[in-house]
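Undergrad: This is the structure, below, for whatever I ask next.
The values are calculated or read from the model by the stated rules, or taken from the named source; none is laboratory data. These numbers were taken from a predicted model, which means no experiment stands behind them. Virtual Cβ from ideal backbone geometry, glycine too; neighbours counted across all protein chains shown.
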Amino acid sequence: MAQRMSRFRLLASCLLSVASLAATLAASAAPAEPQPTEVITHTVAPGDTLYSLSRRYGTTVAALQALNGLSDTLIRIGQVLRIPVSQAASPPGEAEGGTGGGVTGAPAPQTRAVAAFQPADGPVAGRAVSLAPEELELLARLVDAEAGGEPFLGQVGVAAVVLNRLRSPGFPSSLSAIVWQPGQFKAVADDRLPARPSASAREAARLAALGVDPTGGALFFFNPVKAVARDFWQTRTVLVTIGQHAFAR
């Protein structure tokens, strides 16, 4: 009798081990939950390739082909492509929404799209701009006022537009002169620059100063729904739309 009980316990133990192993294998084989994404548009510019766009926006060539119904990697200048952008997380220290107030908190992970822009080994060669601390703060204040309620990628885009102007001979030669140039930024005209920019706006300004530019060289941004002077905007070439802003040159 004792021998039978021992064999029964051994068999029960083996069955439990097999069940546990099966559950572990099933859990490891379950597909990962996909991260939600938004879709933005990008107008193909000279020099663009699917590979360069995949690197710029933190996606893959295969994803771009699938989303745009492309059977090969050929794209043409002026073609409008749909680009998947991850919405996995908010930028550090701020929930999306609002236009100022310096909201802070525990750092959150970067979105996948912005992480793709983050230079791994320092500034982007030929693109980084050296800014004094007060200039970086002014840039962040403008970003907060103009794009505080936009996706973080759009905030980086607004900062990049300002720095693209700094590189362009068609605009003032200092950052402060660009920000305060009459008639250029509605938030400046309306005296809406916050005294303390948000953590998100500061991070966007920092990335743009390192050379990050999700706009592909835009010199302007505008909201197509609210824009005035439509005759002027019709003369601009829209490079990419992020959130509610179209970025153009």
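Undergrad: Would you confirm whether or not region 206-216 contains a residue that is free of Cβ contacts under 8 Å to residues at least 60 places away in the same chain, of a type in the set (Gly, Ala, Ser) and in contact with a helix residue (DSSP H, G or I) (Cβ under 6 Å, 6 or more places away or on another chain)? It would help to see each step written out before you state the result.
TA: From region 206-216, those free of Cβ contacts under 8 Å to residues at least 60 places away in the same chain are 215; that's our starting set.
Subset that is of a type in the set (Gly, Ala, Ser): none.
No, region 206-216 contains no residue that is free of Cβ contacts under 8 Å to residues at least 60 places away in the same chain, of a type in the set (Gly, Ala, Ser) and in contact with a helix residue (DSSP H, G or I) (Cβ under 6 Å, 6 or more places away or on another chain).
Undergrad: Still on this structure: Using the structure shown, decide if residue 238 is among the β-branched types (Val, Ile, Thr) and more than 26 Å from residue 43 (Cβ to Cβ).
TA: no
Undergrad: What number of residues within region 176-209 are under 17 Å from residue 157 (Cα atoms) and not in a loop (DSSP other than H, G, I, E, B)?
TA: Qualifying residue count for the region: 15.
Undergrad: What pairs can you find where one residue is in region 46-59 and under 13 Å from residue 81 (Cα atoms), the other is at pLDDT 75 or above and in a loop (DSSP other than H, G, I, E, B), and their Cβ atoms are less than 6 Å apart, with a gap of 6+ or different chains?
TA: Filtered contacts from region 46-59: 50/73; 54/60.
Undergrad: Then there's this: How do the pairs read when you match residues in region 182-193 that are over 14 Å from residue 171 (Cβ atoms) with residues anywhere that are aromatic (Phe, Trp, Tyr) and surrounded by 14 or more Cβ atoms within 10 Å (Cβ to Cβ), using Cβ under 7 Å and keeping only pairs 6 or more apart or on different chains?
TA: Hits for this filter: 188/180.
Undergrad: Report whether or not residue 166 is more than 21 Å from residue 54 (Cα to Cα), modelled with pLDDT of 90 or more and not in a loop (DSSP other than H, G, I, E, B).
TA: Working: more than 21 Å from residue 54 (Cα to Cα): yes; modelled with pLDDT of 90 or more: yes; not in a loop (DSSP other than H, G, I, E, B): yes.
Yes: the conditions hold for residue 166.
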